[in-house]
Amino acid sequence: MNFDARKYVIIVFIITVGIIYIVRLFFMQVIDDSWTLRAQEIAEKRKQIVPPRGAIFDRNGVKVVSNRTYYNLMFIEDEVKNLDTAAFAQVLGWSKDSIAIRFKEIIKEQGTYRDKNDNYKTKSNYQSDRPYAFIKEMTLEEIATIAPHLDKFPGFYEEITSMRSYTYPNGANIFGYLSEVNEEEINEDHFYRRSDNIGRAGIERFYEKELRGQKGIRYIVTSARNNELKPYMDGIYDTIAKQGPNFKLGIDILLQEYGEKLMNGKRGCIVAIEPSTGEILALVSSPTYDPNLMVGNRNIAKNYPKLILDKDMPLFPRPLAAEYPPGSIFKLLQSLIGLQEGVITPNSGFPCNKSMVGCHNHPSAGNLSDAIKFSCNPYYYAVTRRILQQGKKTSVFADAEIGLNKWYQYMMSFGLGQKFDADATGLRPGLIPNSAYYDKWYGHLRWAFSTIRSISIGQGEVKLTPLQMANIACIIANKGWYYTPHFVKSIGQKGSLLQFRIKHRSMIDSKHFDPIIEGMRRVVYVNGGTGGKAKINNEEKIIVCGKTGTVQNPQGEDHAVFTCFAPMDKPKIAIAVFIENAGFGGTWAAPTASLMIEKYLTRKVKDKEKEKRILEASFKK
């Protein structure tokens, strides 16, 4: 047989086999419905196993978020036969009418869902052949009174589920909460089915895909009453559910707990960061709430409306989303930019000329460190004027435009005016104005330093979040660099995300930080300093370097702010405290910060009088 003949034989063979397969598939899928029924039978036996979410530990290995077992009473309408509602109601401890009402509620629930924009939409989703929860989130004690009677009510069965449990009633704005998935989320991610939960805020939302783990599949053979008889095909098709990995946070839960106690009765926040790693040690938002109030959809339905309508906004993550004028802590950055630009030196002095701007009574600062110690407003008007108006253009307006845009670049290098790429939800960028911003307000080349001079002292248009304020202390403690602030220290054995291991460098040379740090030391320890109440008296001789701020508030009492780090050598903690309507930063914010530092570094607080004073203070109106 020649080559051409063999070629045709092979072609005919391939075509013949293909036709046989096509005919067989057609017969199986169209003519012989036993295969369709067989596939449906297997699908009906397919049971998803939802794993517990990953547990969460603090930096010291304390479990702060775990899982507790609960039970759902499920039903499939097509399998509910001749339901004796009176007997069923008696088992549940309900009235007979409540049974019918609950069925109607379930159908209505499946026809209404909330989209990503919190808009309620209506769509018929209820299907009588699918399982739905008749009663959700029952305790072991509750299901134990019902389970022995379920064989009398075909179509009903129990399902194990789990929900979060918080060891401490703290850190609600850090952890976030879970709630039931909506229709859009089910359609977008086939991991979810109806009645599954998803992270809604905080760590639970940011790390949802890691925390949720991997679902397993189990195929079972059931009786006519839907009771499980045995594994299908001895379990050869089953897959194992995998719990989400354990998470280790940078948070110190005892420090978090202490910070929330200190802020009780106050509006504001505390942010503490480890400068060398960027790990957030505590993030206190006040007022706050017990995270256990938002565990389970029954609790959410009861508590969420109360929390969302609370005028003190406990659901609002102030450290991440509140944008405040920073006040005098901003002078630290003006000092650094002035040194880097060469418009001042560490020995530059300016008179405290109160005709320019108001200032408290103190001697004129003869050098930069004393200017920080005194927090002299006229001094920083002079410094910022030199930064913005360097005489690079003959027009004062064009000159200010060049100077402001360079100033803006410095501020961006400090991580300001932009959202941190942090593992948190609800982050805001704050506001650092540039020339384009002021052009919109005043017109191009129609403004100069005299127009925008309030930014010199952290007022006017400048806005920072408390997280950014704390990170300023990190940058100074590190003499010019920082890691993006973040909560999670490690995910299983993988460590933190790559983005949290990238070192960000400011535009300031490290040599310029020494006079700033010395000035911050003088704020706390030298006569005339504005932050003396931040001093820690203990045998460890912890040196606190800080800066006070008093933020003007046109709507009432001024806000108190203090940012600092400690110890002075090899800093281990950087803090920002912002207390609304508390007045002078050195009076309330500074001692609050010092208590947090002492608690973290020594694990105890010796100055009980200072502690008592802060614990008893209240500025809420």
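Scoring Lys248 on the criteria (1) part of a strand (DSSP E or B); (2) out of contact with any strand residue (DSSP E or B) (no Cβ under 8 Å at 6 or more places or on another chain) leaves a single failure, condition (2).
I'd like to verify a number: residues in region 577-599 that are part of a helix (DSSP H, G or I) and on the phi > 0 side of the Ramachandran plot, how many? Lay out the reasoning, then the answer.
The initial filter retains those residues of region 577-599 that are part of a helix (DSSP H, G or I), namely 585-599.
Applying the additional criterion that residues be on the phi > 0 side of the Ramachandran plot yields none.
Qualifying residue count for the region: 0.
Pairs please, first residue from region 148-164 and touching a residue at least 24 places away in the same chain (Cβ under 8 Å) and not assigned by TED's automatic domain parsing to the domain that holds Asn297, second anywhere and basic (Lys, Arg) and in a strand (DSSP E or B), Cβ atoms under 7 Å, 6+ apart in sequence or on different chains. From residues that are touching a residue at least 24 places away in the same chain (Cβ under 8 Å) and not assigned by TED's automatic domain parsing to the domain that holds Asn297, the pairs are Ser162/Arg68; Met163/Arg68.
Using the structure shown, decide if Thr548 is part of a strand (DSSP E or B) and assigned by TED's automatic domain parsing to the domain that holds Ala470. Judged against the criteria, Thr548 is a match.
Considering only residues that are outside any helix (DSSP H, G or I) and either within 22 Å of Gly250 (Cα to Cα) or of a type in the set (Lys, Arg) (or both), which ones fall in region 600-621?
So the first thing to find is which residues in region 600-621 are outside any helix (DSSP H, G or I), and the list is 603-607, 617-621.
Result: Arg603, Lys604, Val605, Lys606, Lys620, Lys621.
Lys393 passes every criterion in (1) under 38 Å from the mean Cα position of the chain (by Cα); (2) closer than 24 Å to Thr451 by Cβ; (3) not hydroxyl-bearing (Ser, Thr, Tyr) apart from (1).
Would you confirm, using the coordinates I've provided, whether Gly585 is in contact (Cβ under 8 Å) with a residue 60 or more places away in the chain, over 21 Å from Arg59 (Cβ atoms), surrounded by fewer than 18 Cβ atoms within 10 Å (Cβ to Cβ) and small (Gly, Ala, Ser)? Steps first, please.
Numbers: in contact (Cβ under 8 Å) with a residue 60 or more places away in the chain: yes; over 21 Å from Arg59 (Cβ atoms): yes; surrounded by fewer than 18 Cβ atoms within 10 Å (Cβ to Cβ): no; small (Gly, Ala, Ser): yes.
In short, no.
Comparison of Ser506, Ser510 shows that the only residue that is surrounded by fewer than 18 Cβ atoms within 10 Å (Cβ to Cβ) and of a type in the set (Ser, Thr, Tyr) is Ser510. Is it fair to say Leu320 is farther than 30 Å from Glu257 by Cβ, hydrophobic (A, V, I, L, M, F, W, C) and touching a residue at least 40 places away in the same chain (Cβ under 8 Å)? For Leu320, the condition - farther than 30 Å from Glu257 by Cβ, hydrophobic (A, V, I, L, M, F, W, C) and touching a residue at least 40 places away in the same chain (Cβ under 8 Å) - is not met. Scanning region 410-445 for residues that are free of Cβ contacts under 8 Å to residues at least 24 places away in the same chain and basic (Lys, Arg) yields Lys419, Lys440.
Applying the set (1) at pLDDT below 95; (2) surrounded by fewer than 24 Cβ atoms within 10 Å (Cβ to Cβ) to Arg521 leaves exactly one unmet item: (1).
All of Lys242, Lys209 fail the test of being at pLDDT 85 or above, surrounded by fewer than 19 Cβ atoms within 10 Å (Cβ to Cβ), within 30 Å of Pro314 (Cα to Cα) and out of contact with any Leu (no Cβ under 6 Å at 6 or more places or on another chain), apart from Lys209.
Here is a list: Gln418, Gln409. Which entry is within 30 Å of Gly171 (Cβ to Cβ), in the same structural domain as Leu388 (by TED's automatic domain parsing) and surrounded by fewer than 17 Cβ atoms within 10 Å (Cβ to Cβ)? Quick ask: steps written out before the conclusion?
On the way: Gln409 fails: within 30 Å of Gly171 (Cβ to Cβ).
Only one candidate passes the filter, namely Gln418.
Based on what the data block shows, is Ala560 modelled with pLDDT of 95 or more and either in the same structural domain as Arg59 (by TED's automatic domain parsing) or in contact with a helix residue (DSSP H, G or I) (Cβ under 7 Å, 6 or more places away or on another chain) (or both)? It is true that Ala560 is modelled with pLDDT of 95 or more and either in the same structural domain as Arg59 (by TED's automatic domain parsing) or in contact with a helix residue (DSSP H, G or I) (Cβ under 7 Å, 6 or more places away or on another chain) (or both). In a residue-by-residue description of region 158-174, the property of being at pLDDT 85 or above, part of a helix (DSSP H, G or I) and touching a Ser or Thr at 6+ places or on another chain (Cβ under 7 Å) applies to at least one position. Taking the condition of a type in the set (Asp, Glu) and under 32 Å from the mean Cα position of the chain (by Cα), does Glu158 pass? So Glu158 does not fit the description; no. In region 175-204, the qualifying residues are those that are without any contact (Cβ under 8 Å) to a residue 24 or more places away in the chain and part of a loop (DSSP other than H, G, I, E, B), and the one that is farthest from the chain's Cα centre (by Cα) is His190.
The values are calculated or read from the model by the stated rules, or taken from the named source; none is laboratory data. This one's a predicted model, so the numbers in the text were calculated from it and none came from an experiment. Counting neighbours? That spans all protein chains shown, and the Cβs are built from the backbone with ideal geometry, glycine included.
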